Amino acid sequence: MRIIGIESSCDDSAVAYLEMRDGKVVRLEQVVASQLVHANYGGVVPEVAAREHSAKLPVILKELAHLVVGTADGAKLGRVTDLVAATAGPGLATSLRVGLDTARGLAAAWNKPFFAINHIDGHVSANWLPGKDAPSPLEGNDPFPAVALVVSGGHTELLRLSGHGDYELLGATLDDAAGEAFDKTAKLMGLGYPGGPAISRAAVNGNPQAYDFPRPMSGTDDFNFSFSGLKTSVRYFIEKNVERLSDPQFVADLSASVEQAIVDVLVLKTVWAAEACGSRTVLLAGGVAANRKLRETLRSVLADRLPDVRFVEPRPEHCTDNAAMIAMAGHLQSARRGPDDWRISEADPNWELGR
Ligand code: KG4
Ligand code: ZN
């Protein structure tokens, strides 16, 4: 099975070619065009993002063809493709349309089955992708039932999986996403966009106990999150200490303390969820899953509290938006259901899993 994946839900235009044989990944090629232009605005501008996708997707598809068949010939790429998969939602409406319509066009022209993929299902499916030299620990293994912590710029959710694509929503953020908490804190500190990597870099030399920020909803008897109170408390703290932002140690301590507050609540609720659901596996997914502190803390708390539960994390390069995860989701979906009709497939900016 050879799958072309296309991702354009936010500000990354990405295409991938995934080749599977006997349940194993035998080849993975991908091309990503990140839209650096948004750094000038401090956040993603939807109109600009859609225009960039339109400009870049045809170009990176040609590059992908070159990688896969040795020449930038789309017709040849079509001849070695069995299935086309693209993100249909959730995400920015206009951005989604560009990638989805590109994929619909390819499926029609090449006469191949088409799969509309949920972006969050894509992030979760990234756990099945291999690293450079090693297969995914899930290759050939049944991880279900599993709990997935999905943490990205737009989402913070705990999902229970009974099988591929079989989701139940356990809880979600009531306001900001975890990635937003990172991004907004970084913006207040003048660390630039995207904020998550900037905060975690600055935090390396900081003391996570230096400042005590709230751990919102850590006492509630549910699997929901809230990060807006934390963001407000960080904003007040920065306003009071604005002159100290020129001190690198202050920036490091503040970054480490905010990171710790976010990680503490995420880990606490994920471990509860795994325990409550009798999970065999805990999966991490989404851009914030690249955060080293989150990965290390979750791994060590799970090992301590639930030693029989296996912890699986996607490779850091597969955490932020990419098309390999969409291709993998297309492959996993094709094993459990028939294709979607490219004639009528529509983008769904608010597509929610498991409700
Ligand atoms: O999944 P993603 O690429 O896009 C969405 O679907 O939203 O996630 C992007 C988010 C951003 O908020 C970014 O700041 C955050 O992931 N992020 C991180 C790290 N790398 C990316 N947050 C914390 N630590 C990181 N290392
Ligand atoms: Zn994403």
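The values are calculated or read from the model by the stated rules, or taken from the named source; none is laboratory data. Note that the structure is predicted; figures quoted are calculated from it, not measured. Here the Cβ positions follow ideal geometry from the backbone for every residue, glycine too, while neighbour counts run over all protein chains shown. Ligands, DNA and RNA are stripped out before the accessible areas are found, and what is left, the full protein with its side chains, is counted by its heavy atoms. Shrake-Rupley method; radii C 1.70, N 1.55, O 1.52, S 1.80 Å.
Annotation: PRO130 fulfils all but one of (1) at pLDDT 95 or above; (2) within 19 Å of the chain's Cα centre (by Cα); the unmet one is (1). Within this structure, LEU254 passes the test of being at pLDDT 95 or above and away from ligand 1 (no atom under 14 Å from the Cβ). The set of residues from region 231-258 being within 15 Å of ARG201 (Cα to Cα) and touching a Ser or Thr at 6+ places or on another chain (Cβ under 6 Å) comprises just one member, VAL258. The listed residues are GLU317, GLU296, and the only one of them that is modelled with pLDDT under 95 and either in a loop (DSSP other than H, G, I, E, B) or more than 19 Å from ARG280 (Cβ to Cβ) (or both) turns out to be GLU317. Checking each residue in region 23-62 for being within 26 Å of ASN127 (Cα to Cα) and either assigned to a loop (DSSP other than H, G, I, E, B) or touching a Cys at 6+ places or on another chain (Cβ under 7 Å) (or both) picks out GLY23, GLN35. Can you spot a residue in region 248-261 that is open to solvent by 70 Å² or more (accessible area, probe 1.4 Å), at negative phi and assigned to a helix (DSSP H, G or I)? The answer is yes, given that some residue of region 248-261 is open to solvent by 70 Å² or more (accessible area, probe 1.4 Å), at negative phi and assigned to a helix (DSSP H, G or I).
Could you run through region 191-243 and say how many residues are away from ligand 2 (no atom under 16 Å from the Cβ) and assigned to a loop (DSSP other than H, G, I, E, B)?
So the first thing to find is which residues in region 191-243 are away from ligand 2 (no atom under 16 Å from the Cβ), and the list is 191-192, 198-243.
Within this subset, residues satisfying the condition of being assigned to a loop (DSSP other than H, G, I, E, B) are 191-192, 204-224, 226-227, 241.
So the count comes out to 26.
Report yes if some residue within region 6-22 is open to solvent by 30 Å² or more (accessible area, probe 1.4 Å), in contact with a Ser or Thr (Cβ under 8 Å, 6 or more places away or on another chain), in a loop (DSSP other than H, G, I, E, B) and within 16 Å of ligand 2 (Cβ to nearest atom); otherwise report no. Within region 6-22, one or more residues are open to solvent by 30 Å² or more (accessible area, probe 1.4 Å), in contact with a Ser or Thr (Cβ under 8 Å, 6 or more places away or on another chain), in a loop (DSSP other than H, G, I, E, B) and within 16 Å of ligand 2 (Cβ to nearest atom).
For residues that are more than 16 Å from ligand 2 (Cβ to nearest atom) and within 21 Å of GLY154 (Cβ to Cβ), scanning just region 58-97, find the one that is surrounded by the fewest Cβ atoms within 10 Å (Cβ to Cβ).
First, pick out the residues of region 58-97 that are more than 16 Å from ligand 2 (Cβ to nearest atom): 58-84, 94, 97.
Now narrow it down to the ones that are within 21 Å of GLY154 (Cβ to Cβ): 94, 97.
Working: THR94: 17, ARG97: 19.
Once the filter is applied, the top-ranked residue is THR94.
Against the conditions (1) over 22 Å from GLY229 (Cα atoms); (2) under 13 Å from the mean Cα position of the chain (by Cα); (3) in a loop (DSSP other than H, G, I, E, B); (4) not acidic (Asp, Glu), PHE144 satisfies every one except (2).
Is there a residue being within 13 Å of ligand 1 (Cβ to nearest atom), over 30 Å from HIS331 (Cβ atoms) and not in a helix (DSSP H, G or I) anywhere in region 178-185? No, that holds for no residue.
When only residues in region 133-151 that are open to solvent by 10 Å² or more (accessible area, probe 1.4 Å) and touching a strand residue (DSSP E or B) at 6+ places or on another chain (Cβ under 8 Å) count, which is farthest from ligand 1 (Cβ to nearest atom)? Quick ask: steps written out before the conclusion?
Applying the first criterion (open to solvent by 10 Å² or more (accessible area, probe 1.4 Å)) to region 133-151 yields 133-135, 137, 139-142, 144-145.
Within this subset, residues satisfying the condition of being touching a strand residue (DSSP E or B) at 6+ places or on another chain (Cβ under 8 Å) are 135, 137, 139-140, 144-145.
Numbers: PRO135: 23, PRO137: 21, GLU139: 23, GLY140: 27, PHE144: 23, PRO145: 24 Å.
So, considering only residues that are open to solvent by 10 Å² or more (accessible area, probe 1.4 Å) and touching a strand residue (DSSP E or B) at 6+ places or on another chain (Cβ under 8 Å), the one farthest from ligand 1 (Cβ to nearest atom) is GLY140.
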